[in-house]
Each structure stands twice: as C-alpha cells, then as structure tokens.
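The values are calculated or read from the model by the stated rules, or taken from the named source; none is laboratory data. No experiment lies behind these values; they were computed from the predicted model shown. Using ideal geometry, Cβ is built from the backbone for each residue, glycine included, and neighbour counts are taken over all protein chains shown.
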Amino acid sequence: MHCPFCQHSDTRVIDSRVSEDGATIRRRRECEACGDRFSTLETVELKLPAIIKSDGRRDVFDARKLRAGFDRALQKRPVSEEQIEAAVRAVIQQMRMSGERELASRRLGEFVMAELRKLDHVGYVRFASVYRSFEDVADFREEIEKLERDIPASSEQLSLLSGEVVPIDKNKKR
C-alpha cells in the first residue's frame with residue numbers, strides 16, 4: 001500500500017479492527033519513510049451480476065443506486081439507517097445467491113420490493129408506484145388493499161387506509 005502523503009511503497013499495519021457487521025476491516029497503517037499514519041478499509045470484492053435494463057441495455061450493478069432507491073422510498077419514514085443497510089445487504093445477498101451472471105432489472109426491483117414490504121408499508125407503496133408505473137389513484141388503492149389483505153392483523157406497522165374506502169368516479173373531472 002502506497003503512502004498517501006509521500007507515495008513511498010512500504011507501509012506497515014499497526015492495528016486491525018473488524019467492523020460491527022463483520023463486512024469490513026479497518027487497518028491503521030504507518031509509512032516507513034515519512035512516519036505519517038493513515039487508515040484503510042478492506043472489504044470483500046464480489047462479482048455481482050450485470051443488470052439488464054428493460055430496453056435491453058446492460059449496466060454494471062451499482063450499490064449506491066440501490067441505496068438511493070431505498071432512501072427515496074423511505075424518506076421521512078421511521079426506519080433506521082441500520083435497517084436500511086441490512087435491507088441493502090439482503091438484496092445484494094439475493095443477487096449473489098441467484099447464481100446468475102446477468103439479472104433483469106425487473107427481478108432486482110422485486111427483491112427491493114420484498115425488503116421494503118418488510119421494513120415499511122408506505123415506503124413499499126412509494127417504490128411500487130414508480131416501479132409499476134401507477135396511472136391513477138385506483139392503482140394505489142388496489143396495491144394498498146392487496147398489501148392489507150396479505151399482512152397479518154398483528155403487524156407492527158400502522159394501517160395504510162383507515163375507515164371506509166370511498167370509490168372514486170374516474171370519469172368525474174376534478
């Protein structure tokens with residue numbers, strides 16, 4: 001490892017610590033030439049499947065985009081950073097377990113929706129509305145009703161719709 005200060009090629013490890021989640025190792029290093037100290041993070045580099053977009057293009061998987069999707073869906077929701085990170089790791093693990101060299105973006109979206117459904121129902125509906133291109137309020141209502149049918153009554157999350165559902169006349173102008 002080259003020293004970031006003097007570019008000398010010989011540095012030694014002073015201390016190593018494993019992160020809480022066990023995914024990274026933080027190493028404290030010292031340059032043999034100038035004596036300055038710096039830290040490095042060591043992570044496992046895994047080859048994840050390429051993502052095949054709906055138009056046929058192939059993209060390299062980007063975990064930052066995945067995290068940004070979770071962040072947008074869960075914006076201003078009571079979900080901790082740790083929960084979001086765990087969901088991102090779960091999606092990446094599902095991708096890895098698929099054993100595929102290429103993965104359709106639609107399948108990746110399904111992995112994300114499954115994790116969002118566990119975390120926060122509002123975040124799930126937000127993501128689904130974009131992912132499934134909801135056209136109107138009826139599409140939202142249908143997804144919410146489906147979600148409420150599928151979740152057990154003992155769920156810790158709040159109900160998405162309270163009270164009676166009033167049908168909306170699609171032909172009526174607003």
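When the criteria are applied in full, Gly69 meets the requirement of being in contact (Cβ under 8 Å) with a residue 12 or more places away in the chain and out of contact with any strand residue (DSSP E or B) (no Cβ under 8 Å at 6 or more places or on another chain). Which residues, taken from segment 43-62, are under 23 Å from Asp21 (Cβ atoms) and surrounded by fewer than 13 Cβ atoms within 10 Å (Cβ to Cβ)? Result: Thr43, Val44, Glu45, Leu46, Lys47, Asp62. Annotation note: Cβ proximity below 9 Å between a residue of segment 14-42 that is within 30 Å of Arg89 (Cα to Cα) and a residue that is surrounded by 14 or more Cβ atoms within 10 Å (Cβ to Cβ) and aromatic (Phe, Trp, Tyr) (sequence gap 6+ or interchain) occurs for Arg28/Phe38; Arg29/Phe38. Listed here are the strands (runs of 3 or more DSSP E) enclosed by segment 1-48 that have at least 2 residues being assigned by TED's automatic domain parsing to the domain that holds Ser98 and among the acidic types (Asp, Glu), and there are none. Return the residues of segment 90-133 that are of a type in the set (D, E, K, R), buried (at least 19 other Cβ atoms within 10 Å of the Cβ) and in a helix (DSSP H, G or I); say none if nothing qualifies. Answer for segment 90-133, where residues must be of a type in the set (D, E, K, R), buried (at least 19 other Cβ atoms within 10 Å of the Cβ) and in a helix (DSSP H, G or I): just Glu115.
Considered as a group, the residues in segment 24-42 that are of a type in the set (A, V, I, L, M) and surrounded by 12 or more Cβ atoms within 10 Å (Cβ to Cβ) include one that is farthest from the chain's Cα centre (by Cα), and that residue is Ala33.
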